[in-house]
Amino acid sequence: MADNSTEATFDAKSCTIETCPIETSYYEYRPSLAANVALPAIFAASFIGFALTKVFTRRSRGLFFTFALLLGLAAEIVGYIGRVMSYNDPWESTGFMIQICCLTIAPAFISAGIYVSLRPIIAAFGNHNSRIPSRWYTRIFIPCDVVSLILQGTGGGLAAAGDDKATTDNGTDIMIAGLVFQVVTLLVFIGLCVDFSISTFRNFKVNGSTALNDDPAVVNIRRSVMFRGFLAALALSTTCVFIRCVYRVAELSEGWTGPIMAREDLFIAFEGGLISVAVLVLNVFNPIICCGSLLDPQTQKGLKVSDGEYSMKSLSDGRVLTADVIESPQLPS
């Protein structure tokens, strides 16, 4: 990235905390050591939590969800390590480049995990309550997430490595485009979630329990405290990632020397704080634990799962076959 406009007065390569005003550094402040050590520690604990949950559960359940969250958390950890590297020398570019690239793209992986988590919820309440078949949520939103990831990663790399203002500005514009695309994607996703909730509520109000998937195993999942906690956790996590993305658009729209960019307190709160909440609530209410059988590929084939429960069966077009349509399996006493 090109140096600040004050480069004519200060040689960044020879600057130290003692010799140059901190406003001439890449950050325009000295990164907080305490905050930037605490955050990767939180993300590392979350990483271990997701990894252990996957290890101690069935291999076929929630693989994509776990993989996406682990990638996002790994990027968060590396990004904050970059900020810690900048504590002693905020004029050094390596740490700054690391945090730009990693912290920019990390939430896109977390968003991917959120997108795939909607499918078991739709399965639990009934695919007929959804405006689109459940399988299309991943087919629509995961490619959108990939586009956002590519734009943000490419823009972040150009902005960080640019040796002139034109290159830096181009990179920044690409980053903003990727973030705006992610905001729009999340907004559409939230809108469809709200639409599904309203549709399910209205159908239930009119038709009672027949409006929902009434497979016995699915009913048990839907009534569980953990599943209800998962619904709240997913809503909170989605909201946190959405607000974070809106903040980053506002931050970058004012340029690398804008007033928001120079506020570490805002960065820690809206970047680190919100993403911490987003991943920690999913650690506690992990869909693998809360509705694991609905994540199992065997569920879609109508096969018996190993713990003695029977999963639902599905039609080829994604609509759920409920117990009044198919012959219910004999449940163990």
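Do we have any residue at all in the range 17-34 that's outside any helix (DSSP H, G or I) and on the phi > 0 side of the Ramachandran plot? So far as the range 17-34 goes, yes, one or more of its residues are outside any helix (DSSP H, G or I) and on the phi > 0 side of the Ramachandran plot.
Working carefully through the options T53, T66, find the one that is more than 20 Å from I268 (Cβ to Cβ), within 14 Å of the chain's Cα centre (by Cα) and open to solvent by less than 30 Å² (accessible area, probe 1.4 Å). Let's see the steps before the verdict.
On the way: T53 fails: within 14 Å of the chain's Cα centre (by Cα).
Just a single option satisfies the conditions, and that option is T66.
Among residues of the range 159-171 that are closer than 16 Å to T257 by Cβ and in contact (Cβ under 8 Å) with a residue 24 or more places away in the chain, those with a beta-carbon under 9 Å from a residue that is among the aromatic types (F, W, Y) and surrounded by 15 or more Cβ atoms within 10 Å (Cβ to Cβ) at least six positions away or on a different chain give the pairs A159/W256; A160/F96; T168/W256.
When K205 is tested against (1) surrounded by 21 or more Cβ atoms within 10 Å (Cβ to Cβ); (2) part of a helix (DSSP H, G or I), exactly one condition is not met: (1).
For the range 168-177, the count of residues that are among the small types (G, A, S) and either modelled with pLDDT under 90 or surrounded by 18 or more Cβ atoms within 10 Å (Cβ to Cβ) (or both) is nonzero. Scanning the range 250-281 for residues that are farther than 16 Å from Y27 by Cβ, touching a residue at least 12 places away in the same chain (Cβ under 8 Å) and among the aliphatic types (A, V, I, L, M) yields L274, I275, V277, A278, V279, L280, V281.
Of all residues in the range 143-160, those being open to solvent by 60 Å² or more (accessible area, probe 1.4 Å), more than 24 Å from V116 (Cα to Cα) and of a type outside the set (S, T, N, Q) number 1. Output the residues belonging to the range 257-278 that are among the charged types (D, E, K, R), in a helix (DSSP H, G or I) and open to solvent by 40 Å² or more (accessible area, probe 1.4 Å). Selection gives D265 alone.
Looking for something open to solvent by 10 Å² or more (accessible area, probe 1.4 Å) and of a type in the set (S, T, Y) - is there at least one such residue anywhere in the range 69-86? The answer is no; no qualifying residue exists.
Name the residue that is nearest to C144 (Cα to Cα), counting only residues in the range 180-194 that are within 16 Å of the chain's Cα centre (by Cα) and open to solvent by 60 Å² or more (accessible area, probe 1.4 Å). Taking the candidates together, the pick is F181.
The values are calculated or read from the model by the stated rules, or taken from the named source; none is laboratory data. Computed from a prediction, not measured in an experiment: that's the story for all the values here. All Cβ positions, glycine included, derive from the backbone under ideal geometry; neighbour counts span all protein chains shown. When the accessible area is computed, the model is the full protein with side chains, heavy atoms only, and any ligands, DNA or RNA have been set aside. Shrake-Rupley method; radii C 1.70, N 1.55, O 1.52, S 1.80 Å.
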